[in-house]
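See structure below.
All of the numbers you see were taken from the coordinates with simple rules; none came from a lab. Predicted model only: the values in this text are computed from it and were never measured. Using ideal geometry, Cβ is built from the backbone for each residue, glycine included, and neighbour counts are taken over all protein chains shown.
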């Protein structure tokens, strides 16, 4: 159990550093390119990890924890959101997927605005 926490922590730390580095490299006042890039890249990576984990030779749980939960979790939580929506769509739960998508976006933006106003 401790090993799992260490794998997630190490991956999360690495993902966070990569995200910070991305924001420094793609600094833009016109559009949040860095956030968009890490969200899309994180979604790509978690999709690859998920696909590898269901092949005939499954990806070891340690690697899933390090790569998906750790690195992708530290890099972006958008990747987990994308994977969950993909799962809903694949299981034919289209209404739930659309509801989850719009609710997450609208409430996420509303929460960020509320938090900003609260702390201002």
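The figures follow:
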{"item": "Top-ranked residue in region 1-37 [being touching a helix residue (DSSP H, G or I) at 6+ places or on another chain (Cβ under 7 Å), in a helix (DSSP H, G or I) and without any contact (Cβ under 8 Å) to a residue 40 or more places away in the chain; ranked as nearest to residue 85 (Cα to Cα)]", "result": "37"}
{"item": "Residue under evaluation residue 115, criteria (1) closer than 23 Å to residue 12 by Cβ; (2) assigned to a helix (DSSP H, G or I); (3) in contact with a helix residue (DSSP H, G or I) (Cβ under 9 Å, 6 or more places away or on another chain); (4) without any contact (Cβ under 8 Å) to a residue 60 or more places away in the chain, criterion not met", "result": "(3)"}
{"item": "Criterion (assigned to a helix (DSSP H, G or I) and touching a residue at least 40 places away in the same chain (Cβ under 8 Å)) met by exactly one of 73, 47", "result": "73"}
